[in-house]
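Below is one structure; the comments refer to it alone.
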Amino acid sequence: MESPSFQNRGAIKTIFLENFMQYDQVRFHPGPHLNVILGPNGSGKSSIVNAICLGLNGRPGTLGRATHLKEFIRLGRTHALIQITLHNPDPDEPDWVIRRRWDGTGKSKWNLNGQDVPQKAVDALMLELHIQTDNLCQFLPQDKVHEFSRMNAREMLARTIEAAGEDQLRRDHHKLMRLQTEVQSNAEVHEKRQASLIAERRKLETWEQLAQNFIEKRQKTDRLILLRKKRAYLALDTERKNLAEARQNYQASVQRLTREENVIQPLKTERSEIRRKRNKISAKIQDALTSNNRLLGQAKTASEAIENMENDLENLIVEEERIERDEQRHVALKEALNLEIDALKKEKDEAQNEPTLEPRMKAANDLIRRLHQDQSNLLDGIQQNQSEARSNRQKRDKLEQDLQELRDVERQKIEVLKVLPNGQDAIQAIRWLEENRNEFQGRIHLPIVTQINVHDPNDAVYLENTIAYRDLVAFVAEDVDEMNMILRQFRDIMKLKVNVVHANPEDHLDNYPVNPKMEQLRHLGFKGVMKDIFTAPNAIKAFLCQTDRLQDIAIFDNKAHKHLDEIVHQHQISSFFVGQERFKVSTSRYTKEKATTSFHIMRRNLLNYVTDKGRESELESRIQAVTNRTQELLEQRDTFEKTLKNAQRDLEERKKELKGLKEQQGYRNALNGKLNEKYKKLQRLEDAINHKSDEKRVAIGKKKHQLVTETLKHATHLKRCVIQNNQRKIRLDVDNLQERFWNNYEDKLKQDIAKAEDDLQELKEDTEAQRCEMQNAEFEFKRQLRQAKEDIGGEGLSQDQGLISKKLEAEFQREDLPDSLEEIELLVEDLESQIQCLDDSGPEVIQTYRKIKQSVADLEAEIANYQRLVQGKQDDMTETRARWLGELLAMINRISERFAAYFEAMGFAGAVELSQGTHENDYQNFGIEIMVKYRSNQPLQRLDPHQQSGGERSVATALYMLALQELTVVPFRCVDEINQGMDALNERRVFDLIVQTSCREQSAQYFLLTPKLLPDLNYDDNMSVLVVHNGDGMVHHSEWNMEHFMEEAAIQAA
């Protein structure tokens, strides 16, 4: 068969490597269409991709492996060389042979068709041939596969346009971004100019008003100056008249003061004579008062002595009355004591008539001794009971400890959480839940890994390889609201990476029945289904059956390996375990063929902790027996305690009885003592009545006689003092009358003098006030004269009398100014108010007003020019946008149609959409979004490194590049290990699409690198398979004879 010929301009015809990475020296001859480069990991497949990139002027950073060229030189060598031949379809021109050589310094030497050239020449050729080694849509090395899905929409658009070779689209896009940037940047300048124009116009209005105000203010100011001159003259004339009046008033006041001073002196002389006579009588009165005070003191002393003696006599009379009352009280006490003695004698006689007191006391003592003995016996029984109860508690504690150790599987399961992803967060959440469990009404189960109990530890490996880690560490809530509340607590408040799922408590296990036909597979090694190999709370088990379909996953022993075809094709089991392998069966929705994938399961030791149920039941039975015996001991102790309580009650009653008998015996003795005491008290009372009363009466009589004698003596002295005092009082009254007369006369003179002095003082003050007023008038006249000179000026006012000139007076008359100072003041205030309301501006206002007016005119001209410029750019942008957006949408629609068709062929859904940013002219953020859907119950989702799995992203990447295949003008496309992460079914479908698309005559050259291929793939005559071998025993490429190899292969096949 003839080899297909090269057609695409720039396709790679040969690759020669020397001292490059693993290769000592090698030459590749790729085909013009699909080239599948196959080889195990580490054999050098990716080195070919690296060589293509670096040989065509790519950067080392594009490959994601190294940053310097020296790292691509084979170990132990000093230089490396890459030579690539590119197809030139022009028959008159040779192919392009590009050669690159570099050493350890990283400096490269370039050669094009045998001639040394600069790097720029190679760059120009790559641009001409549309070879873009840094575009992931054309060149996708192994270490950049996952970066394809990480490209944002803007990058995806730029890379797609470059890969499609749509130079006009790219130029138009750049032009739109440039025009939009210029419009936006100029818009800011335009907005500033608009704002400046508005501000300048406002300033112009303000300054125009200021200019008008300045002219008006200047006119009003001239009239105000003339008014102030007239006001100054009128004020000066008023002060001149006030000064003349003040001088006249002062002279009249001085004359009245002189007349008043001549009247007051005779009154002062007469007052001095009267004061001398009054002082003489006052001294005589003072002597009489001193003598009277002495007599009054003696009389007071005698009166106080008489009063004290009268009090003493009254006290003696009271004492006599008290003695008489005491005698009467003692007689009453004597009679009462006799009555008490008679009563005590009667009680004594009655108490001595009781003969049985002693025998009763002896019987009570004997009964108390017996009760003490019974109480001691009961206490011994209780002590033995308590001792046995303590022994039973110790046994129960030991058994419960053994049971706890047996059940410590729960703790071990919680320890397993530590090795799981986010396990530490789950343990912290468990602690919080244990402390706050009472806040929840429904059941909250700890993570599923702690709730599963496998019947046989060897079966735990099947659950470990079926249930996802995320579900194993998930908490389970039987109430949806409580699930949401726990999620908010764990994730939002505690910031824990913990999952909580909902398990419907009404979802019974009967809803997930096991296919009864599976029991018929026992002869094939069937052991059971996943649902039956473990126990767990019903809600958890139903949840696992719903999510992982445990009721449909069968478990076989190793014998089933011989019957795999029968299990898969006859019994319709889609998922099952055989020994240490898991098998999954998928059916093509188109061909209905069944494909089986298997993988070795790993034991993770997460669920192989099992509780010994027999030992647990035995310990529980022993604990129950010990608990029952303890209960019996408690009941026995209650009986002992009730009996002891009754015995103690009888003992207390007997003690009370004995105490009563003892009290009766003591009562007899007490009666004898009381009777003797009463006899002694009666004797003491009789002795007191006979002697003490007579002695007290004699003593009181002597004291009364002595007090009467002393009282008479003091009364005589008091009488004498009273008579002398009355005589002196009469003489003192006469002197007081004389003194009062002179005092009254002196007071009258004093009032006359005071009135005269007040009048004189008032005249002095009035004279002083007139003098001050005259001085003030002189001061005000001089001040007003100075002010008038300042206001009017020297030319309009004389220097001495302040008379105005005829010229100024004529000016006043010409302006028709009023002659009233009040009217002048009103006019001045009115003009000052008007001037004050006007702006305080000077002549420079007119100049500023003219400058602002010119500035407004300049800004209006600049804005008009800008609007014409922007309109031109917007027209250009509108025209360019219409052309660019139409072509771009057409290109994206073509890509989307092919992309969707490829996805539909694989049983999925996909689309390519244009993202237009935040507004219609946001050209910077226009982009392409790849939308995919791998499951029927999900909507289309944007391709994202966090939303899809690695295999799903690989499928989308491969199909997108296929969708570009027929739209682009790139000479070749290169993809390294894009099938990594795909399952077998998707890998087969993607490979078939690549073969169909890349092996057409007009398709670009395609390089697909992979470490393996699935069996029974579809191949095309236009594709090439390059198998990379590496090792010390390899034949040199120059000695390799393919024709000889094919002949040998044909002989062997025959």
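On inspection, residue 797 qualifies as modelled with pLDDT under 75 and in contact with a Ser or Thr (Cβ under 8 Å, 6 or more places away or on another chain).
Return yes when residue 131 is modelled with pLDDT of 70 or more, within 23 Å of residue 972 (Cβ to Cβ) and assigned to a helix (DSSP H, G or I) and no when it is not.
Working: modelled with pLDDT of 70 or more: yes; within 23 Å of residue 972 (Cβ to Cβ): yes; assigned to a helix (DSSP H, G or I): no.
For residue 131, the condition - modelled with pLDDT of 70 or more, within 23 Å of residue 972 (Cβ to Cβ) and assigned to a helix (DSSP H, G or I) - is not met.
Would you confirm whether or not the stretch 865-882 contains a residue that is modelled with pLDDT under 80, assigned to a loop (DSSP other than H, G, I, E, B) and loosely packed, with under 13 Cβ neighbours inside 10 Å? No, the stretch 865-882 contains no residue that is modelled with pLDDT under 80, assigned to a loop (DSSP other than H, G, I, E, B) and loosely packed, with under 13 Cβ neighbours inside 10 Å.
If we keep just the residues of the stretch 492-505 that are among the hydrophobic types (A, V, I, L, M, F, W, C) and surrounded by fewer than 16 Cβ atoms within 10 Å (Cβ to Cβ), which is farthest from residue 469 (Cα to Cα)? Even if it seems obvious, please write down each step before you answer.
Start the filter on the stretch 492-505 by keeping residues that are among the hydrophobic types (A, V, I, L, M, F, W, C), which leaves 493-494, 496, 498, 500-501, 503.
In the following step, the residues that additionally are surrounded by fewer than 16 Cβ atoms within 10 Å (Cβ to Cβ) were identified as 493-494.
Numbers: 493: 24, 494: 21 Å.
Filtering the stretch 492-505 for residues that are among the hydrophobic types (A, V, I, L, M, F, W, C) and surrounded by fewer than 16 Cβ atoms within 10 Å (Cβ to Cβ), the one farthest from residue 469 (Cα to Cα) comes out as 493.
Listed by first and then second residue, the pairs with beta-carbon distance under 9 Å, at least 6 apart or on different chains, first residue in the stretch 310-322 and closer than 10 Å to residue 707 by Cβ and touching a residue at least 60 places away in the same chain (Cβ under 8 Å), second of a type in the set (D, E, K, R) and surrounded by 11 or more Cβ atoms within 10 Å (Cβ to Cβ), are 312/703; 312/704; 313/703; 313/704; 316/703; 316/704.
Between 300, 280, 217, 284, the distinction of being of a type outside the set (A, V, I, L, M) and crowded, with 17+ Cβ neighbours inside 10 Å belongs to 217 only.
Yes or no: the stretch 525-537 includes at least one residue that is in contact with a strand residue (DSSP E or B) (Cβ under 8 Å, 6 or more places away or on another chain) and without any contact (Cβ under 8 Å) to a residue 24 or more places away in the chain. Quick ask: steps written out before the conclusion?
Step one: filter the stretch 525-537 for residues in contact with a strand residue (DSSP E or B) (Cβ under 8 Å, 6 or more places away or on another chain), giving 525-530, 533-537.
Subset that is without any contact (Cβ under 8 Å) to a residue 24 or more places away in the chain: none.
Checked the stretch 525-537: no residue is in contact with a strand residue (DSSP E or B) (Cβ under 8 Å, 6 or more places away or on another chain) and without any contact (Cβ under 8 Å) to a residue 24 or more places away in the chain.
Is one or more of the residues making up the stretch 222-234 aliphatic (A, V, I, L, M), assigned to a helix (DSSP H, G or I) and loosely packed, with under 15 Cβ neighbours inside 10 Å?
From the stretch 222-234, those aliphatic (A, V, I, L, M) are 224-227, 232, 234; that's our starting set.
Subsequent filtering for residues that are assigned to a helix (DSSP H, G or I) retains 224-227, 232, 234.
Imposing the further condition that a residue be loosely packed, with under 15 Cβ neighbours inside 10 Å reduces the set to 225.
So far as the stretch 222-234 goes, yes, one or more of its residues are aliphatic (A, V, I, L, M), assigned to a helix (DSSP H, G or I) and loosely packed, with under 15 Cβ neighbours inside 10 Å.
No other residue among 32, 40 is crowded, with 21+ Cβ neighbours inside 10 Å, assigned by TED's automatic domain parsing to the domain that holds residue 1020 and either over 20 Å from residue 96 (Cα atoms) or out of contact with any Asp or Glu (no Cβ under 8 Å at 6 or more places or on another chain) (or both) apart from 32. When 403, 433 are checked against the criterion of being modelled with pLDDT of 75 or more and either in contact with a Leu (Cβ under 8 Å, 6 or more places away or on another chain) or surrounded by 15 or more Cβ atoms within 10 Å (Cβ to Cβ) (or both), 433 stands alone in meeting it.
Matching residues to (1) polar (S, T, N, Q); (2) without any contact (Cβ under 8 Å) to a residue 40 or more places away in the chain; (3) surrounded by fewer than 19 Cβ atoms within 10 Å (Cβ to Cβ); (4) over 22 Å from residue 604 (Cβ atoms):
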position: 473; (1), (2), (3), (4): no, no, no, no
position: 476; (1), (2), (3), (4): no, no, no, no
position: 481; (1), (2), (3), (4): no, yes, yes, yes
position: 490; (1), (2), (3), (4): no, no, no, yes
position: 507; (1), (2), (3), (4): no, yes, yes, yes
position: 519; (1), (2), (3), (4): no, yes, yes, yes
position: 542; (1), (2), (3), (4): no, yes, no, yes
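Go through the residues of the stretch 119-126 one by one and say whether even a single one is in contact with a Pro (Cβ under 8 Å, 6 or more places away or on another chain), in contact (Cβ under 8 Å) with a residue 12 or more places away in the chain and surrounded by 13 or more Cβ atoms within 10 Å (Cβ to Cβ). No, because not a single residue in the stretch 119-126 is in contact with a Pro (Cβ under 8 Å, 6 or more places away or on another chain), in contact (Cβ under 8 Å) with a residue 12 or more places away in the chain and surrounded by 13 or more Cβ atoms within 10 Å (Cβ to Cβ).
Contact map, the stretch 869-883: first residue in contact (Cβ under 8 Å) with a residue 60 or more places away in the chain, second residue among the charged types (D, E, K, R) and surrounded by 15 or more Cβ atoms within 10 Å (Cβ to Cβ), Cβ cut-off under 9 Å, separation 6 or more or different chains; pairs are 876/175; 877/175; 880/172; 880/175; 881/172; 883/172.
Would you list the strands (runs of 3 or more DSSP E) that sit entirely within the stretch 497-580 and hold 1 or more residues that are of a type in the set (Asp, Glu) and not assigned by TED's automatic domain parsing to the domain that holds residue 482? Even if it seems obvious, please write down each step before you answer.
On the way: elements: 500-502, 526-529, 554-556, 575-578.
Strands (runs of 3 or more DSSP E) meeting the threshold: none at all.
If I filter the stretch 75-97 for residues that are surrounded by fewer than 14 Cβ atoms within 10 Å (Cβ to Cβ), touching a Gly at 6+ places or on another chain (Cβ under 8 Å), more than 28 Å from residue 33 (Cα to Cα) and touching a residue at least 24 places away in the same chain (Cβ under 8 Å), do I get at least one hit? Within the stretch 75-97, one or more residues are surrounded by fewer than 14 Cβ atoms within 10 Å (Cβ to Cβ), touching a Gly at 6+ places or on another chain (Cβ under 8 Å), more than 28 Å from residue 33 (Cα to Cα) and touching a residue at least 24 places away in the same chain (Cβ under 8 Å). Taking the conditions (1) of a type in the set (Lys, Arg); (2) in contact with a Phe, Trp or Tyr (Cβ under 8 Å, 6 or more places away or on another chain); (3) closer than 27 Å to residue 417 by Cα in turn, residue 603 satisfies each one other than (2). Looking across the stretch 442-464, the residues that are under 19 Å from residue 546 (Cβ atoms) and surrounded by fewer than 17 Cβ atoms within 10 Å (Cβ to Cβ) come down to 442, 443. Applying a threshold of 7 Å to beta carbon distances and a minimum spacing of six or more residues, or different chains, the list of pairs starting in the stretch 704-726 at a residue that is basic (Lys, Arg) and ending at one that is surrounded by 13 or more Cβ atoms within 10 Å (Cβ to Cβ) reads 704/313; 704/316. Taking the stretch 108-130 as the range and being more than 29 Å from residue 159 (Cα to Cα) and under 58 Å from the mean Cα position of the chain (by Cα) as the test, no residue passes. Filtered by the rule that a residue be over 16 Å from residue 413 (Cα atoms) and assigned to a loop (DSSP other than H, G, I, E, B), the stretch 431-455 gives 440, 441, 442, 443.
Between 272, 196, the distinction of being modelled with pLDDT of 75 or more, among the small types (Gly, Ala, Ser) and surrounded by 13 or more Cβ atoms within 10 Å (Cβ to Cβ) belongs to 196 only.
The values are calculated or read from the model by the stated rules, or taken from the named source; none is laboratory data. None of these values were measured; they are calculated from a predicted model. Heads up, the Cβs are rebuilt from the backbone with ideal geometry, glycines too, and the neighbour counts pull from every protein chain shown.
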